[in-house]
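Written out below as structure tokens is the structure these notes cover.
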Amino acid sequence: MFTTGYVPKHRCASLPNVTFLEDFGINPDHVVDVTTDQCTLGITTNNSGRTSYVELPCVNGFQYDVARETSIVSEWDLVCDRAGLAELSQTLLMLGQGIGACVFTSLADRYGRKPVNIVCQLILVVASIGLAFINNIGGFTALRFIIGACQQGLGLTAYSIFVELCTTELRTLAGCTGGLAWTLSCMLLAPLAHFMQYYNWRYFQLATVAGLIYGIVIYWILDESLRWLVANNKVVRAEETMKKICKANKTDFDRARAVLHEQILECKQAAKMNKLHRQLEMLPITEKNEEENLLEKNGSPSAGDTDMAEPEKYTILDILKHRDILKITCILGFIWAVNSLTYYGLFLTSSSMSGNRFLNYFLNALVELPAMFIVFFALKRIGRRTLSVLLHALSGSALIISVTLVATVGTTSAGSIGSVVFSLVGKFAVTASFNCLFVLTPELFPTNMRNAGIGVASAVARVGGMLSPYSSTLSQVVIWGPGVVFGSCCISASLLFLMLPETRGRELPTTIAEMREWSQQKRRVSEICLEIKQ
């Protein structure tokens, strides 16, 4: 919205003549002066030596220092008492992102990543083109809601496919590649907007749609996630996809097929074990103990028994049914919301940079590159959880130090510089932590719940994004208020990370049974450590 929703300098348009004021009960013969402000007309009258002053709204419209078609704000006069309509379109975009993150990701877990990705792609193209031909703010806002929903459906399903395509060693690449794509796209947006700043905003909108043209051929290029196919017993389609991969990589398909069937067998065994555990939970205590003893004596179900196991289908509601999943989702939801609130809030509460707005936007995107590269190399040497704890602790501490300097020696030159430096350190750390979250989150959910888990986390993040504009209002009342809120939330997030399992070097979980095994391993390690201390 820094181009489409750009708010230019404006003031009330001059009246064609003073007789225009008769409609407002003002005698034109008594008018001695008319002044124009941003949102009001000042009318000074003199009636028999008695002077009075009246303020009226901009009854003759507005004048802008740019052409009216430069942005939606100037074209539809979304200023003064109508300024909230432009903000509403941005709020509904984020609301659409939240709803799309829940709905489309859940559908992707049930029906596959590819079909949902393609449908979102097509709707996004049509809605984005339609946006350029809308002539009212109501239709514009509605399409922005649809675009937000489909954008999340497209982005999150594509990311899931990428993550599930990568091996354990290469999963870090998926998260950092997504961050790199985001940063580069923002950087490219700035010169495009600068080049088209004197054109109609509709042309700029159509130019951005060009980046979605690949959606026309994506159906023939994109393959379904192998992990999703295996988890849902789509063996024939999985073999077809693997044959294409082996042909492209010039590897032996028969050997890869044998490994694939080994993985399928393991998935079936895990599904069977999970089903047995769930049945045990529903039995009375005496029967439950007998069944558990029988299971311990006989071991895991045999390969023949697992043929009857059906793939488990999950929805977002299943998150509420499983304690381990619910705990992880609640923790991740809070952390995502904190990251979104802090990331966008720092932008809104920072002092406006002087100079060219396009250059400033470019520089704001550019500073995220170092954070992304540092995360990429650090994740290979430090665990996901450890790095996330350090980054959130660094962000929270830096922001608290920054507001402390503002509240104490902020009026001095050294205090002002120190506050800015620590604020930038906090922004750097929270940007890096976002990249960590994109790597960590999909690694914590089983295959048939992975998209839903990412979707819920992303949806909750939109809540933080919606709250972030109020940080500027808080800063006007208490200048150090936003920094304290951001810093405290980041410190809390770093502590909550300690309750999550470490995922570095682990295969992506296929079933809830595997996630329970993680939790049991963590509890056993805690018990052993307690015994050693005693």
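Couple of notes before you dig in:
- Annotation: Gln121 fulfils all but one of (1) within 23 Å of Tyr199 (Cβ to Cβ); (2) out of contact with any Phe, Trp or Tyr (no Cβ under 6 Å at 6 or more places or on another chain); the unmet one is (1).
- Applying the criterion of being free of Cβ contacts under 8 Å to residues at least 24 places away in the same chain and not in a loop (DSSP other than H, G, I, E, B) to the residues of the range 143-169, the residue that is nearest to Ser74 (Cα to Cα) is Leu143.
- Total residues in the range 367-396, condition more than 13 Å from Ser433 (Cβ to Cβ) and either in contact with a Gly (Cβ under 8 Å, 6 or more places away or on another chain) or in a helix (DSSP H, G or I) (or both): 7
- Some residue of the range 195-203 being in a helix (DSSP H, G or I), surrounded by 13 or more Cβ atoms within 10 Å (Cβ to Cβ), in contact (Cβ under 8 Å) with a residue 24 or more places away in the chain and on the phi < 0 side of the Ramachandran plot: yes
- Candidate set from the range 414-434 (those that are at pLDDT below 80 and of a type in the set (S, T, N, Q)); member that is surrounded by the fewest Cβ atoms within 10 Å (Cβ to Cβ): Ser416
- Any helices (runs of 4 or more DSSP H) falling wholly within the range 438-525 and containing at least 2 residues that are at pLDDT 75 or above and under 23 Å from Leu390 (Cα atoms): 447-467, 481-497
- Residue selection: Phe20 satisfies the criterion of being at pLDDT below 85, surrounded by 13 or more Cβ atoms within 10 Å (Cβ to Cβ) and either assigned by TED's automatic domain parsing to the domain that holds Ile146 or over 28 Å from the mean Cα position of the chain (by Cα) (or both).
- Matching entry among Gly100, Gly84, Gly42, Gly96 (being among the small types (Gly, Ala, Ser), in contact with a Phe, Trp or Tyr (Cβ under 6 Å, 6 or more places away or on another chain) and on the phi < 0 side of the Ramachandran plot): Gly96
The values are calculated or read from the model by the stated rules, or taken from the named source; none is laboratory data. What you are looking at is a predicted structure, and each value in this text was computed from that prediction instead of being measured. Cβ atoms come from the backbone with ideal geometry, glycine included; neighbour counts cover every protein chain shown.
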